[in-house]
Every structure is written in C-alpha cells, then in structure tokens.
Amino acid sequence: MITISLNSPIPLHDQLVQEIRRLLADGTLKVGDELPPVRQLANDLGINLNTVARAYRELTDCGLLATSRGRGTVVLSTVEKTTEKPAEERKRIESTLGSALADAKIAGLNRKEIELLVLRQLNKLWGVS
Amino acid sequence: MNDPAILVLRFFQFLFVPIFLCAPLVMVLSLLTWRNETTDRELLKTKIRTLSLATLSCLAVWLIVLIIALVTRSSLLQLLSTMAWLLFFPLWFGIAMPIARLLFAVLQPAIPLEQQKRTASLVNRQRKNPIQWWHWGLSTVVCTGLLFATLWIGRHIDQSTWTPQQSFLWFWGMLGYPALVIFTYAVLYFGVRASLAEPEPLDSHGNVELQKLYDDARSNRALSMFWLLGFLQPVFFGVCLFLSTWIQSNNLIAILGATGGTLLGLAGSWAGVNATLQRLKIARLKMRLESSPGQ
C-alpha cells in the first residue's frame, strides 16, 4: 500500500518513487511482482496518469522496474542500477542521511529519540538484529 | 385479426415504444426525492429540461414515422417505428444516468478533492479477474452447440414449405447469431476490464474491511456482467433461433421471447440493485472511517 500527501512540498511523482522504493527496500515488493497499471493507480489516488507514468519511468530507468507487453510493469530488481561510482554514491547517501538527521534535530528530537528512530528503520529494512 | 390474443399483442406492440422512450424521464422524476442540500439544483433543472425535450423529440419522431407507415402501408417504415425503442439507450445513458449520478453523489467512488492524504493498494486488479477461461469456454461451447443444432435442424427440415420470409430469416439468423455472440464477447471483455479498473480509493490506514468490500463488489460486478451478457443473453438468443427453426410457430417464439426477455430484465435489475447496495455499503464504511480516522 502506498500513501501520498497532496499538501507535501515534495512533488507527487517523487513521493510515488519514494513509496515504491520503500516497499522494495523493506521486502514488501519482490522481484517479479506486478505493479498495477498506470490508469488503475492514478484512478485510486485521484491524480494525473502522467504523474504515475513518470514515477514508473524513473524507477524503470534506475533498473528497478521493467515494463513489458502483456505483463505490464513488474519489479525487475531490488538493487538499483547506478551510473555513479561507489564513492560518489556513498557520499550522496551520507549527505541525504545527514539532512534527515539535521531535520530531526531541528524538529526538537534528542539524540536518544533519533537513535531509536534510526534503529526502527534499520530493523524494518534488515529485520531485528 | 379477430383473435383477441393478436389484438392484445398489437396493443402491447403499440405501447412498447412510448413506454420505453418515457422510462428514463419517469425514472429520473421518481428519483427526485433523493435530492438534498448538496445537490446542484440549477444543473439538475437544466438536465431534466434537456431530458424532457429529448424525450418529446423522440416520441414525435416515432409518431411521425408510425403515421407515415400506416398511411403508406410501408413495412420498412413500420419496422423502423418499432425499432424506435432503441432511442431509449441515448436517453438513458446520455442524459438520465448523469442525472442519477448527480442525485446519488454518495455512490461515486471518486476521492473528495479536499482529501489531502491518499492511499492506494499496489495489487494489479486486472490479474484478479474472477472470469476464468472456463467461463468463456462454457459459453462458447453452448452457443456453438446451439448454432450447429439450428443448422442441422434447418438442413433436415422440409424447407419447401417455408415462405421466402422464413428462409430469409433463417439464413440471416445463421449469419447474425455468431456475429452477435462475437460482438457481445468483445464488448464484455472490454467492459469487464474497465470495471476492474474502477477507482477504489482506500482510507489512510488501508482498512481491511474496506478492501474486502471492494473485492466482493468488484468480483460480483464482473461475474454478473459475464453471466448476464456473456452467457444467458447469447444462450437465450440461440434457443430462440433453434426453436424458431424447429417448431416454426410465431406464437411460441413470441411467448418465449417475452418470458425470456422479462426474466433477463429481472436478472439484470437484481444485479444492478445488488451492485448499488454494495456501493452504499462501501460509501457508509468510508464515511465512518473518515469521521473516525484512527480506525
């Protein structure tokens, strides 16, 4: 299940991409799973067809989804096909993580609470260690 | 013509077209009690005026064609005046249905524009089509069987006693029936696909009961469409064609047609009422979930 918010500053297609990536990361979507047709998802969310199509296209470009005649859109891989070098990619992820943690600190959360949040997310993705 | 049954038949044949043409307007007027403060009254008034004018125009066309047919004794015009009942479809689907939708806004699955957080399932509903290959197979086998049985009876019956009209009807029936079945299958296939893609907006917590109601409603809708359009209707036409070839009794066919048509109509109404009740159930649950978002 995916949820989007119309009053979020994040564009709708980016929210869709993030939601599908989250489901791929936590194992809800597995390789070979079929995604709903663009029209169905757009109807259910009450958004434009092009928004959904753009999100699917971005995920296809990353090598996560594949679209084929007859089968529609399916999960091709749960690991992104990246054009960046590993060091650059790590740097980008570190920067994104840094921004998220800074957001949490500015929102008034203390170190313990942030650690708990991070741990919860880690457990979601890799299971409880 | 002295046969009272024929007189009754002629009377009903005469009433058939105007009853059909007036039905959309009568239905809409009987639904007006469902109006409430959220109904756009101006739009409703305009649409009802349009429907009334369209109904009157259709009745006028039918009456003019009928009068000319009676004066000129033209069988083609008589047939045309009988077929004027087909104008029911544009009146119903083009004007009356949008009015009904206006009155029953609660039945629409569309998401309220003010709803900021939207949730959807990632299940591909086209893959949950309840109509399996054996449904299509069963219908095809029965219809093909009826076609071949009619063909066989037609070839083994003494056709020398047939009037040219009977031979003509049999020949075109043999060609028209498979064409009708194929056309019905095509319409049904695309109709079911469209019905499976109908919007099914979820609440923000993805309530399981709501998903179950959507599943049931979708499945019932598709199966009702199949059994009515994809099975009962072509089989009914096939049986009529077979019996009209075998027995050659117009009265029997008239009785069979009237009874079968009425039963099909009743089955269609039952399916429609059932679908509406399921939509109401979904609307009620959604309203309950929206008023208590924690559930």
- Which of the residues that make up the range B:114-135 are aliphatic (A, V, I, L, M) and outside any loop (DSSP other than H, G, I, E, B)? B:Ala120
- Item | Residue count for the range A:3-55, restricted to those that are basic (Lys, Arg) and either facing chain B (nearest Cβ under 9 Å) or assigned to a loop (DSSP other than H, G, I, E, B) (or both) | 2
- Query: Scanning for something away from every other protein chain (no Cβ under 14 Å) and farther than 28 Å from B:Asn274 by Cα, does the range B:179-186 turn up at least one residue?
  - Reply: yes
- Task: Could you please let me know if B:Gln159 is under 18 Å from B:Leu243 (Cβ atoms) and either within 14 Å of chain A (Cβ to nearest Cβ) or free of Cβ contacts under 8 Å to residues at least 24 places away in the same chain (or both)?
- Result: yes
- Inter-residue pairs, beta-carbon under 9 Å, first assigned by TED's automatic domain parsing to the domain that holds A:Leu29 and touching a residue at least 60 places away in the same chain (Cβ under 8 Å) and in the range A:3-19, second hydroxyl-bearing (Ser, Thr, Tyr) and surrounded by fewer than 19 Cβ atoms within 10 Å (Cβ to Cβ), 6+ apart: none
- Task: For the range B:98-112, state whether one or more residues are without any contact (Cβ under 8 Å) to a residue 24 or more places away in the chain and within 14 Å of chain A (Cβ to nearest Cβ).
- Result: yes
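Determine whether the range A:82-99 contains at least one residue that is within 13 Å of another protein chain (Cβ to nearest Cβ), in contact with a helix residue (DSSP H, G or I) (Cβ under 9 Å, 6 or more places away or on another chain) and not aliphatic (A, V, I, L, M).
No, the conditions are met nowhere in the range A:82-99.
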- Task: Filter the range B:119-141 down to the residues that are within 7 Å of chain A (Cβ to nearest Cβ) and touching a residue at least 40 places away in the same chain (Cβ under 8 Å), then identify the one that is nearest to B:Phe231 (Cα to Cα).
- Result: B:Gln126
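The values are calculated or read from the model by the stated rules, or taken from the named source; none is laboratory data. Since we're looking at a predicted model, the values are computed, not measured. Because the Cβ atoms are built from the backbone with ideal geometry, glycine has one as well, and the counts that use them run over all protein chains shown.
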